[in-house]
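S.K.: Handing you this structure, nothing more for now.
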Amino acid sequence: MASNTTQPDSPSAASNDQPLQREDPEGAAGAAASSAGAAVASTGPPPDLTSDTPPDVLDGTTSADARGSTFRPFFGRPSIKEGSSVDREEPATKTEASSGPFRFTGFLESMTKDAEIKYRMDHKKRGIAVIFSHEEFHWKTGMPKRTGNAKDVENLKKYLGKMGFEIMLFQDLTVEELKRTIGMAAMGTDHSDSDCFMCIFLTHGDDGVVYGHDGTLPIQVFYDIFRGENCPSLVGKPKIFLIQACRGEKHEIGVEPLETDAEDEPDSGLIVQDAGPKPTIPAGADFLICYSVTQGFYSHRDTAYGSWYVQALCHALDTYGTSLEFTHLLTIVNRTVANRAVERCLQASMIGKKQIPCFMSMLTKQLYFTPKPSVQKKK
């Protein structure tokens with residue numbers, strides 16, 4: 001029976017003392033070069049993301065403001081008209097007084113309603129889930145093979161497919177191929193009939209970068225290209241990024257809790273929107289960025305069953321994918337991964353090491369993946 005090893009998805013865990021625990025340290029000296037993989041679409045007729053004439057969008061720069069305006073910081077106090085007093089305030093109006101500390105008309109009245117607003121999930125399609133899977137790396141990167149990656153791909157295709165996503169798999173793309181493909185996904189694809197968009201990276205990584213087959217690329221580049229000014233057909237729709245990769249060289253440790261809390265009451269998030277004659281949406285809104293580990297730390301992968309994070313995510317999707325609000329589901333994933341620890345390893349210092357995922361939300365509504373009729377019919 002094949003042995004299972006634990007491997008952090010990071011660039012520098014090179015050592016002859018390889019941890020042998022259900023995850024292998026992903027920094028061992030270089031892996032054999034393999035040819036960059038071809039794209040594979042698993043369901044439906046996918047848009048052409050491999051066109052030879054992609055939009056020129058990934059040159060490393062993006063506009064900071066969709067309107068192209070220049071921001072000038074305001075310094076100093078406003079001028080005071082003659083005869084007015086700095087220390088004297090105008091008496092509060094009836095509306096202001098009734099709102100307590102909140103000086104926005106209708107603010108309190110809108111809070112309850114805003115807390116219940118959900119993203120639309122009644123479009124014709126659920127949306128595309130693009131998976132960038134990296135298992136083999138060019139020798140010059142010094143990155144070893146990501147054994148166990150195939151299991152992550154298998155699980156993601158299965159459970160995201162159940163939720164109605166159109167899966168597009170790309171294997172071992174070079175940095176340039178990554179730029180071209182993500183550019184086509186953002187600016188060369190019409191998402192008007194889709195509920196949302198999802199992009200998943202399974203690769204080695206470090207703080208702020210992910211590895212392609214032949215080098216690294218800043219992860220921020222991928223987020224920027226899907227901003228509202230670059231991808232108008234996804235404005236107001238969830239854009240979800242899942243990153244399974246290391247983000248540094250530190251190992252998370254376990255600590256003993258002083259006490260065990262009972263189940264906490266769920267937090268309720270309130271959204272405040274600034275009303276105006278013509279409401280707009282911030283170009284950077286509606287992103288949900290999910291990391292397998294917090295900044296600066298290793299991410300663990302089981303060579304037989306796949307990464308800790310993807311295992312937990314797929315189990316949560318299978319159990320709660322169409323019934324639970326998605327950020328609540330991600331909290332369950334965080335807890336599931338946090339409860340694990342390295343148990344068996346040739347390197348004694350790895351025993352007991354932990355991992356905690358995290359996510360950063362710019363969502364403006366609740367995200368529920370309600371079942372699609374077309375998916376239910378297939379079942």
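So that you can scan it fast, the table gives a plain yes or no per residue for (1) modelled with pLDDT under 95; (2) in contact with a Gly (Cβ under 6 Å, 6 or more places away or on another chain); (3) of a type in the set (Ser, Thr, Tyr); (4) more than 17 Å from MET198 (Cα to Cα):
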| site | (1), (2), (3), (4) |
| --- | --- |
| SER133 | no, no, yes, no |
| LYS140 | yes, no, no, yes |
| LYS145 | yes, no, no, yes |
| VAL153 | no, no, no, no |
| LYS158 | no, no, no, no |
| GLN171 | no, yes, no, no |
| GLU177 | no, no, no, yes |
| THR181 | no, no, yes, no |
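S.K.: Suppose we filter GLY276, GLY269, GLY284 for residues that are more than 30 Å from PRO144 (Cβ to Cβ), assigned to a loop (DSSP other than H, G, I, E, B) and modelled with pLDDT of 90 or more; which single one remains?
M.R.: GLY284
S.K.: Still on this structure: Suppose we keep only residues that are modelled with pLDDT of 80 or more, small (Gly, Ala, Ser) and farther than 22 Å from LEU160 by Cβ within the range 320-379. Which one would you say is farthest from the chain's Cα centre (by Cα)?
M.R.: By that ranking, first place goes to SER349.
S.K.: One residue is enough: does the range 291-302 have a residue meeting the conditions of a type outside the set (Gly, Ala, Ser), under 30 Å from ASN230 (Cβ atoms), at pLDDT below 95 and open to solvent by 50 Å² or more (accessible area, probe 1.4 Å)?
M.R.: yes
S.K.: Is one or more of the residues making up the range 322-337 in contact with a Lys or Arg (Cβ under 7 Å, 6 or more places away or on another chain) and open to solvent by less than 40 Å² (accessible area, probe 1.4 Å)?
M.R.: Quick first cut of the range 322-337, residues in contact with a Lys or Arg (Cβ under 7 Å, 6 or more places away or on another chain) only: none.
No, there is no match, as no residue in the range 322-337 is in contact with a Lys or Arg (Cβ under 7 Å, 6 or more places away or on another chain) and open to solvent by less than 40 Å² (accessible area, probe 1.4 Å).
S.K.: Mind listing just one residue for me: the one in the range 222-252 that is in contact with a Lys or Arg (Cβ under 6 Å, 6 or more places away or on another chain) and open to solvent by 40 Å² or more (accessible area, probe 1.4 Å) and, of those, nearest to CYS358 (Cα to Cα)?
M.R.: Top of the filtered list is GLU252.
S.K.: Moving to a separate point now. Considering only the range 185-200, how many residues are at pLDDT 95 or above, open to solvent by 10 Å² or more (accessible area, probe 1.4 Å) and among the aliphatic types (A, V, I, L, M)?
M.R.: Looking only at that region, the number is 0.
S.K.: Within the range 139-176, which residues are open to solvent by 50 Å² or more (accessible area, probe 1.4 Å) and closer than 20 Å to ASP206 by Cβ? Give the steps one after another, and end with the answer.
M.R.: Initial filter on the range 139-176 (open to solvent by 50 Å² or more (accessible area, probe 1.4 Å)): 139-140, 145, 147, 150-151, 154, 157-158, 162, 176.
Scanning the range 139-176 gives TRP139, LYS140, LYS145, THR147, GLU176.
S.K.: What is the residue count in the range 352-371 for residues that are part of a loop (DSSP other than H, G, I, E, B) and of a type in the set (A, V, I, L, M, F, W, C)?
M.R.: 5
The values are calculated or read from the model by the stated rules, or taken from the named source; none is laboratory data. Keep in mind that what you see is a predicted model, and the values were worked out from it rather than measured. So basically every Cβ, Gly included, is an ideal-geometry build from the backbone, and we count neighbours across all protein chains shown. All accessible areas refer to the heavy atoms of the entire protein, side chains included, with ligands and DNA or RNA removed. Shrake-Rupley method; radii C 1.70, N 1.55, O 1.52, S 1.80 Å.
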